[in-house]
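The next block holds one structure in the form of structure tokens; read it before the comments.
Any read-out appearing in this document is the output of simple, stated calculations on the displayed coordinates, not a laboratory observation. All figures in this text were calculated on a predicted structure; none of them were measured in a lab. Note that each Cβ is placed from the backbone with ideal geometry, even for glycine, and that neighbours are counted across all protein chains shown.
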Amino acid sequence: MSATLSIAERDFKGFFGTPLGWIAACIIFVISGIVFFIVVNMLLIRGQSIDPVADIFGQVLGFLNYINIFIIPAFTMRAISEDLGSGTYRLHSAAPISTWEIVLGKFLGIMFYFGVLITLMLIYPLYSFIFTQPDLKVLFTGWLGLVLNSAAIVSIGLFISALTKNPVISYLGSTFFILIFILSGFITGVPDWYRKNVNLLELSSDFTRGLIKTGSLATYLAIIFVFLVLCRFVMESKKWRL
């Protein structure tokens, strides 16, 4: 466990020590700030009573779920593909560290980074305290939905990243796979249960409305577990070919 946390801490600090971490943070905050401004002004113009969490925070989180599809793969490609290309993974595999510890360390390192950014997003509902009393339940479920959605995308990105040493191919492959994974639910003739379970954006929308459905929660956890297992399997197979 200590090896997992050490890898996670190294990657977490590494993200803030490179332009990638700060550029991604700026993009997320600039876009979320623009969405926040637009949503607030639209609601004020319409003369509606503003529910700061359901109307504002929910819209911001919903939009972040979209842009995470394109931002998170930039971190997953760095986590494994660059290690494979630079030979860092060879050093890890020679050390008394299991493949699971490496994969979980990479996963937690990225999640710690996005966890900090997502927590800072609480500035929007806190700002709404000036106007009214927000529903803390909706605030918590919306935050949880964004965390789970980010974790699912991270696990998928790590799996794709483990397949190649080329960071560019890893990024494009992860983004393309996630989009196909989501859009496959719209194919004509696809069963309803599949359509509802593979659309990560639809799953997260329940959380932004203050709903924690057992099925949605189980689907997220299953996606995260399956793709981390697949990532571990690919990494383990590469270890024996080094």
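Near Thr4, once Lys and Arg are set to +1 and Asp and Glu to -1 for all other residues with Cβ below 10 Å from its Cβ, the sum equals -1. Distance between the C-alpha centres of the range 6-24 and the range 169-185: 24 Å, rounded to the whole angstrom.
Please get the size of the charge dipole for the range 201-242, origin at its Cα centre, with Cβ charges of +1 on Lys and Arg and -1 on Asp and Glu, quoted in debye to the nearest 20. Kindly include the intermediate steps, with their values, before the conclusion.
Values: 6 positive and 3 negative charges, 57 e Å.
Computed about the Cα centre, the dipole is about 280 debye.
For Leu136 and Arg10, the FRET efficiency from 1/(1 + (r/R0)^6), where r spans their Cβ atoms and R0 equals 35 Å, is about 0.50. Pop a pseudo-label 7 angstrom from the Cα along the beta-carbon direction at both Phe112 and Ile45 and give the gap in nm to one decimal. Using points 7 Å along Cα→Cβ, the separation is 4.4 nm.
Full extension of the chain between Lys213 and Phe29 gives 63.4 nm of extra length, using 0.36 nm per residue less the Cα-Cα distance.
Length gain on complete extension for the stretch Ser184 to Leu221, per 0.36 nm per residue less the alpha carbon to alpha carbon distance? All intermediate terms of the calculation are to be shown ahead of the outcome.
Values: separation 37, 0.36 × 37 = 13.32 nm, distance 1.97 nm.
So the extension gain works out to 11.4 nm.
Full extension of the segment from Ile123 to Asn166, taken as 0.36 nm per residue of separation minus the current Cα-Cα distance, would add 11.8 nm.
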